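Read-outs throughout are calculated quantities, based only on the coordinates presented, and are distinct from any laboratory measurement. Owing to the predicted nature of the structure, the values given are computational and were not obtained by experimental measurement. Please note: Cβ atoms are built from the backbone with ideal geometry, for glycine as well, and neighbour counts cover all protein chains shown.
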Amino acid sequence: MTISDKLKDHILESIGEGVFTVDKDFRINFFNHAAEEITGFKKDEVLGNFCKHIFKSKLCYTECPIALVIKSNKNIYDFESSITKSSEEIIPIKLNAAVLYNDNREPRGGIVTFRDISEMEKIRKDLEKETHFNGIVGVSKHMQEIFSLIKEITDSVAPVLISGESGTGKELIANAIQKTSMRRDKPFIKINCAVLPPQLLGSELFGHVKGAFTDAVKDRIGRFELADGGTVFLDEVAEMPQQTQIQLLRVLQEGTFERVGESETRTTNVRVVAATNINIEKALNEGKFREDLFYRLNVIPITVKPLRERLDDIIPLIHHFIHKFNLIYKKEIEDISDETLELLHSYNWPGNIRELENVLEFAYVRTKKNNNITAQQLPPVIKSKSVKNVDVEENISVSSGTSYLIKVLDKNKWNKSAAAKELGIGRTTLWRKLKEIGLE
Amino acid sequence: MSEMLGNQYFMVRKYFDAKTEYENELIKYPANKSILKKLIICLTQTGEVQKALDHFYKLAITDIEYIIDTDPVRDDCPCVELIEQLKKSIGNYKNVFDEQVINGILWGYCDITNSIQHFEKAALIDRSNRKITEIIDVMNQYISKSNTLIQLN
């Protein structure tokens with residue numbers, strides 16, 4: 001069954017995201033109702049006009065999303081950009097882009113869907129202000145050392161290898177490295193080596209030429225070419241197949257590579273930041289990861305400790321996540337009961353910060369407005385797997401929070417109510433903790 | 001890669017990139033006037049004046065109105081700004097003939113009378129250039145035809 005053009009228009013009109021299409025000259029020929037709502041422009045004002053004249057985005061001149069799709073032969077999803085509304089206000093958007101082809105597979109137009117992310121951006125910026133280093137929350141000595149190291153390497157373009165258990169925030173560290181580096185204004189391309197089938201990873205990273213394999217209907221540039229002058233983040237690098245490891249080694253050594261199916265040697269200037277959550281030494285011993293590549297990548301090694309080994313970070317993380325959920329869910333939950341805090345401190349956190357966030361979100365959504373999060377709202381696994389020995393619990397929670405407690409109290413000029421509020425704990429809990437460490 | 005990619009480069013005034021795309025497309029579609037019209041402008045900016053003149057001649061004798069009927073706003077044509085730039089760089093051209101030809105071409109998209117004047121200056125420098133004299137003839141014929149039509153109306 002085919003859908004009539006009228007019905008297609010009706011579908012596009014009724015969806016919540018802004019949608020517009022352009023012809024081959026980049027003149028707008030469709031603009032849906034949501035696009036009118038987001039931009040403030042009426043259909044009649046935009047139809048027939050060049051998209052660059054309407055949206056006035058700097059992206060039009062540097063990285064037109066539709067042009068990127070034509071060049072890479074791959075649709076774009078969740079691309080962050082900004083547009084100018086009819087009121088001249090510039091708003092951040094996230095967009096998806098695709099190219100419309102004619103029967104001869106020649107580009108004859110493009111379609112862009114977009115949504116206003118002003119509110120999410122505001123939340124992100126609010127939250128980032130409260131983090132301790134470029135979006136990362138951490139007050140423990142270990143995290144402070146990592147922050148210092150990142151600051152020390154801002155002028156370097158040497159490869160970085162970040163290792164740590166899953167959920168410890170390796171990607172956030174990679175983001176911070178890129179954001180503070182000299183290449184912060186250049187492309188930052190991320191790729192998870194474990195997600196793509198091994199036979200496709202090489203093509204994804206280095207590109208391919210038409211006919212290189214069955215589905216290669218057009219030439220396509222790879223991520224290393226797209227990132228030229230910038231940074232590539234290779235997550236789960238130890239999952240990379242041997243053949244691709246050799247190609248990556250060559251890029252690191254010489255900055256050269258070939259597209260799949262092509263003999264022409266190309267060059268690229270890319271800084272590589274890689275991450276792994278597996279024991280890399282074990283992978284080396286088992287021959288799954290090349291030793292020469294390891295040494296090339298491991299120029300600046302960063303090891304992120306699991307959350308259970310840096311318990312000082314738990315209270316600020318809890319505070320950060322509750323604040324985040326307050327912004328998202330529009331509730332005002334400020335406190336967490338003493339018992340809950342003890343349980344969270346004494347749990348082993350095999351899934352690390354990601355697990356802590358999920359646990360807190362689970363408890364948060366079950367908590368009524370203006371109430372405190374209590375142990376009853378925690379998932380059963382936390383209650384059942386927390387360390388039962390009260391002495392151990394007390395010792396951990398007291399020692400882990402001490403430096404942070406003092407920092408927050410200093411910040412609040414030793415106003416205990418204000419400090420308790422910032423810590424996301426009750427005033428009584430704060431008093432008890434101070435007493436335990438001999439400060440009350 | 002494609003005409004559409006060429007159009008994007010042209011739109012953001014990346015004339016070298018646009019030229020490459022348009023030239024590749026022109027091999028596939030030699031009669032595509034839309035490509036030819038924009039490629040001519042690109043060639044004036046990449047220093048390939050003779051090539052620009054050859055294509056302009058080809059388009060002028062086929063369909064002079066297609067060149068003349070250009071609106072800087074409606075068609076996002078950069079000729080007005082390019083002529084302004086050219087005025088500022090007068091004297092920078094080693095070759096006066098090239099300068100007159102580029103002016104003749106760019107004015108062709110904006111004002112036919114000015115265009116003829118520049119082509120006539122170029123013809124004075126190279127009297128044997130058959131293409132330039134033919135372009136002038138075609139343009140003059142177009143003007144007299146237009147005048148006749150106005151009188152009839």
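Some notes on this structure:
- Residues whose amide H falls under 5 Å from that of residue A:109, counting only those 5 or more places apart or on a different chain, are A:100, with hydrogens built in the peptide plane.
- Computed over chain A, the ratio Rg/Rh where both radii use C-alpha atoms and Rh is Kirkwood: 1.02
- Shape of the range A:227-269, Cα gyration tensor, a/c cut at 1.5: oblate
- Relative contact order (%) - chain B, alpha-carbon pairs under 8 angstrom, separation at least six: 17
- Remark: the range B:3-152 is approximated by an ellipsoid whose semi-axes, taken from the C-alpha gyration tensor as √(5λ), come to 23, 19, 15 Å, largest first.
- Globularity ratio of the range A:1-79, using Cα Rg and 2.2 N^0.38 Å: 1.16
- Three-way shape label, the range B:4-71, alpha-carbon gyration tensor, a/c 1.5: rounded
- Distance distribution P(r), the range A:200-355, all Cα-Cα pairs, bin width 10 angstrom from 0: 9, 28, 23, 19, 16, 6, 0 percent.
- Nonlocal amide H pairs with residue A:83, under 5 Å, H built at 1.01 Å: A:91, A:93
- Stretchable slack from residue B:80 to residue B:13, in nm (0.36 nm times residue separation minus alpha-carbon distance): 22.8 nm
- Positive-end residue, the protein assembly as shown charge dipole about Cα centroid, Cβ charges, pick of B:118, A:423, A:349: A:423
- Label-point gap, in nm, between residue A:62 and residue B:120 - each point 7 angstrom along Cα→Cβ: 4.9
- Among A:114, A:147, A:213: highest mean-square fluctuation, GNM of chain A, C-alpha pairs under 10 Å: A:213
- Built amide H within the under 5 Å cut-off of residue A:190, gap 5+: A:233
- Here the contact order of the range B:40-128, divided by its residue count and restricted to Cα pairs under 8 Å and six or more residues apart, works out to 28 percent.
- 10 Å Cβ neighbours from other chains, averaged over peptide A:16-26: 3
- Inter-chain Cβ neighbour average for residues A:260-269, partner chain, 10 Å: 0
- Gap separating the Cα centres of the range A:79-141 and the range A:166-216, nearest whole Å: 19
- Straightening the chain between residue A:125 and residue A:4 buys 39.2 nm, computed as 0.36 nm per residue apart minus the Cα-Cα spacing.
- Looking at the range A:179-266, the GluC sites (Glu not before Pro) that sit in a DSSP loop and have at most 13 other Cβ atoms within 10 Å of their own Cβ are A:264.
- Each helix, a run of at least 4 DSSP H residues, gives -39500 (n - 2.57); summed and divided by the residues of chain A, these come to -13000 deg cm²/dmol at 222 nm.
- Modelled spin-label separation between residue A:108 and residue A:376, with each label point placed 7 Å from Cα along the Cα-to-Cβ direction: 6.4 nm.
- Legend: distances between Cα atoms for A:52/A:94; A:330/A:433; A:56/B:14; A:58/A:122; A:56/A:94; pairs beyond 19 Å are A:330/A:433; A:58/A:122.
- Charge sum, other residues only, whose C-beta stays under 14 Å from residue A:87's C-beta, Lys/Arg counted +1 and Asp/Glu -1: -3
- Sequence-distant contacts, meaning Cα pairs under 8 Å at least 6 residues apart, place the relative contact order of chain A at 12 percent.
- 3J(HN,Hα) couplings calculated from phi for the range A:205-214 with the Karplus curve 6.51 cos²θ - 1.76 cosθ + 1.60 (θ = phi - 60°) are, in sequence order, 6, 10, x, 8, 10, 3, x, 4, 8, 3 Hz; Gly and Pro show x.
- Each label point was placed 7 Å from the Cα along the Cα-to-Cβ direction; for residue A:53 and residue A:182 their separation is 4.2 nm.
- Shielding of B:5-18 by partner chains, average beta-carbon count, 10 Å: 4
- With at most 12 other Cβ atoms within 10 Å, longest stretch of chain B clear of loop trypsin sites (Lys or Arg not before Pro) (DSSP): B:1-73
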